[in-house]
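Here is the structure we will look at.
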Amino acid sequence: MILYLHGFRSSPSSFKARRMQEYMQRIGRAAEFFCPALSPSPAMAIAQAEQILDGTDPADVTIIGSSLGGYYATWLAEKYGCKAMLVNPAVKPPRELESYVGVTTYYHSDEVFEFKAEYVDELRALAIADITQPERYFLLAATGDEVLDWREMVTFYQGAQQLIIQGSDHGLAEFADMFDQLMAFCDGKQAHA
């Protein structure tokens, strides 16, 4: 199973999520792909992910987390012992999202939502001091990320398999070019940079 967790203000309609779903369909594995529309509440987003994971063998799960979804993926991977692939993940979202408290819209629609002050506390409750078993993690980070600092990602996921893309951006337009490596990691094979 691949559980894809999108980022803040994103959705299952994001470029990366749609391309991943298309790829899974193309290789005949669409039934293994899940990408829920996550609640703005971090606690509710985690509950949504856990409902999908319920009853699944962690050895058969890879969580792909993009941006804020990477933060969630890390917490879930630590709790369940499954693998996680992190795409320009947020390492310290309470710090980064505090200024977003209020009403905003999703990137892929005009739908309005409120990011409440208590959501920052919910993010703090999900903080992981250090990852255990770094071999369960694969970091994809772009040095040109205009939203998050790739160096923080590299430091936090030290010891994990890492693919650092020179340049690019937070959206990581090259993501679809990496699907073979991604699937190798998901399937427990050695992925090569």
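State which residue is farthest from the chain's Cα centre (by Cα) when the search covers only the range 76-108 and only residues that are within 18 Å of Ala142 (Cα to Cα) and surrounded by 24 or more Cβ atoms within 10 Å (Cβ to Cβ). Out of the qualifying residues, it is Pro93.
Would you check if Gly70 is within 13 Å of the chain's Cα centre (by Cα), touching a residue at least 12 places away in the same chain (Cβ under 8 Å) and over 14 Å from Pro40 (Cβ atoms)? Yes; evaluated as a whole, the condition is true for this residue. Scanning the range 8-57 for residues that are among the aliphatic types (A, V, I, L, M) and either within 16 Å of Tyr71 (Cα to Cα) or not in a helix (DSSP H, G or I) (or both) yields Ile27, Ala37, Leu38, Ala43, Met44, Ala45, Ile46, Ala47, Ala49.
All of Ala73, Ala129 fail the test of being at negative phi and in a loop (DSSP other than H, G, I, E, B), apart from Ala129.
Tell me the residue from Ile27, Ile64, Ile46, Ile52 that is under 23 Å from Val103 (Cβ atoms) and β-branched (Val, Ile, Thr), please.
Numbers: Ile27 fails: under 23 Å from Val103 (Cβ atoms); Ile64 fails: under 23 Å from Val103 (Cβ atoms); Ile52 fails: under 23 Å from Val103 (Cβ atoms).
Answer to the check: Ile46.
Among the residues of the range 15-43, those that are open to solvent by less than 10 Å² (accessible area, probe 1.4 Å) and farther than 18 Å from Leu126 by Cβ comprise Ala17, Met20, Met24. Among the residues of the range 50-68, at least one is open to solvent by less than 30 Å² (accessible area, probe 1.4 Å), touching a Gly at 6+ places or on another chain (Cβ under 7 Å) and among the hydroxyl-bearing types (Ser, Thr, Tyr). For the range 138-183, taking the residues that are at pLDDT 90 or above and assigned to a helix (DSSP H, G or I), the one that is surrounded by the fewest Cβ atoms within 10 Å (Cβ to Cβ) is identified as Thr155. Among the hydroxyl-bearing types (Ser, Thr, Tyr), in contact with a helix residue (DSSP H, G or I) (Cβ under 7 Å, 6 or more places away or on another chain) and within 20 Å of Gln133 (Cα to Cα): does that describe Tyr80? The answer is yes for Tyr80.
The values are calculated or read from the model by the stated rules, or taken from the named source; none is laboratory data. Computed from a predicted structure; not experimentally measured. With ideal geometry, Cβ positions are generated from the backbone for all residues, glycine too; neighbour counts draw on all protein chains shown. SASA here: full protein model, heavy atoms, side chains in, ligands and nucleic acids out. Shrake-Rupley method; radii C 1.70, N 1.55, O 1.52, S 1.80 Å.
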